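Participant: Below is a structure I'd like to ask you about.
The values are calculated or read from the model by the stated rules, or taken from the named source; none is laboratory data. Computed from a prediction, not measured in an experiment: that's the story for all the values here. Because the Cβ atoms are built from the backbone with ideal geometry, glycine has one as well, and the counts that use them run over all protein chains shown. Accessible surface is based on the protein model in full, side chains and every heavy atom, while ligands, DNA and RNA are left aside. Shrake-Rupley method; radii C 1.70, N 1.55, O 1.52, S 1.80 Å.
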Amino acid sequence: MSNTIKRGGFSSSFGVLAATLGSAVGLGNIWKFPSLTGANGGAGFLLIYLLATLVIGLPVMIAEITMGRAAKADPIGTLQKLSPKKSLPWWLVGAAGMLAAFLILSFYSEVVAWVFAYVFKAIGGSILSSDRHVTESAFGALIADPVQSLLWQWGVLAFIGAILLMGVTKGIEGITKKLMPVLFLLLLLLCAVSLTLPKVADGLAFLFKPDFSKITAGVILTAMGLAFFKLSLGMGTMMTYGSYFRDDQNIPATTVRVMLADLFVSMLAGIAIFPAVFTFGFAPSAGPSLVFITIPAVFSQIPGGQLLMIAFFALASVAATGAMLSMMEVPVVILHERWGMSRAKATLLTIAALMVLGSSCALTNSTMASFKLFGMNMFDLFDFASSNVLLPLGGILLALFVGWVWGRDNFQRALSNQGALHNAAVTGAVFFLLRYVSPLLILVVMLKGLGLF
Ligand code: PHE
């Protein structure tokens, strides 16, 4: 099927970078990274997250992109094409990726819904107050209102779907190329303001001074899950984008750039948020609500705060858009190329499915508040199941696939652009990590973190 379909692709080197970075940068940087770092002991957590990114994230990212570009197919098709005849059903890894995409999109689209809603609320000025109780009840009112929650979520899904309908080159590449520079500008502006606040030192110490007493196996699993989530790994996103990479793109150089730029955005987000949090006496470990409750209260106390708040939530919307595009592209391309649906039909079906599944997350704070599975509401369950189980599991299997099935020769040939790049040392090292180190590390962290041994 896939051979008969004319595939889209990224047209320029900058486009590749913008789209890939657009996928990596998202609410993970602005919402997950600060709140997880805050809740899990600051710099100790950061250090483990950095290690996980380097030793596990980077090699898996290179593996996914290389596989995608070599096969030029959707994730299921990629695993089918690259595995030798009569081998195990590796395509299931692609199918599990599609499941992970649906689970992540279900809760992610709801947080994006809040972010989009907050852009408008910031413009209207209704959430700007120095009184924590006011900002708290404004956020509470939004998430407890089933109609608002659903409508914002569906609006977000329709918006992302509309961009996807424009195709890979015009839609994904075209939009992310415009949005990524805006994101950096807004973030730098916010950091500049934050660094003028009185308690800068406390904020930075919180982010950069380690408290190792907080590190447990569960925290290490969370840090590793964050590394996967951040770089959009383990569910076929990077594989799909890899299939749109140009044949002359230098994959190791591109992935290192994306990883560094993504870390930079997380750091900037931390630098923008924590000095303000300390200056105005908020708790740094306020969890996911940090962004929605603390930020408005903080901005209300800074001159020009309303404009800055609009900038902040606009920035978050921009970041989230690129990430959502890449997540939704996974089911869309699978439905399109595996099942032969038109791209339009695949996009509409994906959105329709997400409106149903996602509503279980949109309604966790209202209609479905008491609906729990394994002691968790759907929002937390989908987050936990994807970040801490499905993505690491996908990561192990992909590393094993490259290391033991696809093999060194195929991998090195593809990663060196058929010998055009003289990078044997790099490709050899990455292969070694994929074959031995990454799978073992992921397995140990997963089993320990889930309390299985
Ligand atoms: N990397 C994105 C973020 O940080 C989330 C994401 C996960 C995107 C998985 C695609 C796939 O927000």
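Participant: For the chain, what does the helix formula give at 222 nm: sum of -39500 (n - 2.57) over DSSP H segments with n ≥ 4, over the residue count, nearest 500 deg cm²/dmol?
Facilitator: Helix contribution divided over all residues of the chain: -21500 deg cm²/dmol.
Participant: Something else about it: Give the angle, between 0 and 90 degrees and rounded to the nearest 10, that separates the Cα long axis of helix 174-194 from the longest principal axis of the Cα atoms of the chain.
Facilitator: Roughly 40 degrees, rounded to the nearest 10.
Participant: With the Cα gyration tensor of region 1-115 giving a ≥ b ≥ c as the square roots of its eigenvalues, does the rule (a/c under 1.5 for rounded; else a/b larger than b/c for prolate; else oblate) give rounded, prolate or oblate? If you can, show how the numbers build up before the last one.
Facilitator: Details: a/c = 1.88, a/b = 1.69, b/c = 1.11.
Prolate, because a/c is 1.5 or more and a/b exceeds b/c.
Participant: To the nearest 10 degrees, how steep is helix 391-400 against the longest Cα principal axis of the chain, on a 0 to 90 scale?
Facilitator: 20 degrees
Participant: Under 18 Å from the Cα of LYS170, which aspartates and glutamates turn up, not counting those fewer than eight places away in the same chain?
Facilitator: Straight-distance partners of LYS170: GLU329.
Participant: Once you've got the Cα coordinates, tell me which of LYS178/LYS230; LYS177/LYS209; LYS32/LYS214; LYS230/LYS448 are over 27 Å apart.
Facilitator: Numbers: LYS178/LYS230 21 Å; LYS177/LYS209 35 Å; LYS32/LYS214 18 Å; LYS230/LYS448 21 Å.
LYS177/LYS209, as the Cα separations exceed 27 Å there.
Participant: Would you work out what percent of the accessible area of region 13-449, with all protein chains in place, is carbon or sulfur (probe 1.4 Å)? Let's see the in-between values first.
Facilitator: Values: 11030 of 15560 Å².
Whole-percent figure for carbon plus sulfur exposure: 71.
Participant: Once the Cβ-Cβ distance between LEU47 and ALA424 is put in as r, and R0 is 30 Å, what FRET efficiency do you end up with, to the nearest 0.05? Don't skip to the end; give the middle numbers.
Facilitator: On the way: r = 31 Å, r/R0 = 1.03.
According to the calculation, E is roughly 0.45.
Participant: Does anyone have the angle between helix 438-449 and the longest principal axis of the chain? Alpha-carbon axes, 0 to 90°, nearest 10?
Facilitator: Between the helix axis and the principal axis of the chain, the angle is about 40 degrees.
Participant: Over the heavy atoms of TYR244, what accessible area does a 1.4 Å probe trace out, to the nearest 10 Å²?
Facilitator: For TYR244, the solvent-accessible surface is approximately 10 Å².
Participant: Collect residues whose amide H, placed 1.01 Å from N in the peptide plane, falls under 5 Å from the amide H of GLY42; neighbours closer than 5 in sequence don't count.
Facilitator: HN-HN under 5 Å from GLY42: empty list.
Participant: Tell me the per residue accessible area of the chain using a 1.4 Å probe; a whole number in Å² is fine.
Facilitator: Spelled out: the 1.4 Å probe surface of the chain, per residue, equals 37 Å².
Participant: What is region 13-449's relative contact order, in percent, from Cα pairs under 8 angstrom and six or more apart in sequence?
Facilitator: Numbers: 699 pairs, mean separation 153.6, N = 437.
Reported relative contact order: 35 percent.
Participant: Right, another one. Just check the chain against the gyration tensor rule for me: Cα atoms, a ≥ b ≥ c as the square roots of the eigenvalues, rounded for a/c under 1.5, and otherwise prolate or oblate depending on whether a/b exceeds b/c.
Facilitator: Prolate, because a/c is 1.5 or more and a/b exceeds b/c.
Participant: Still on this structure, I have one more. Using DSSP loop states and a limit of at most 13 other Cβ atoms within 10 Å to flag trypsin sites (Lys or Arg not before Pro), what is the longest stretch of the chain containing no flagged site?
Facilitator: 87-371
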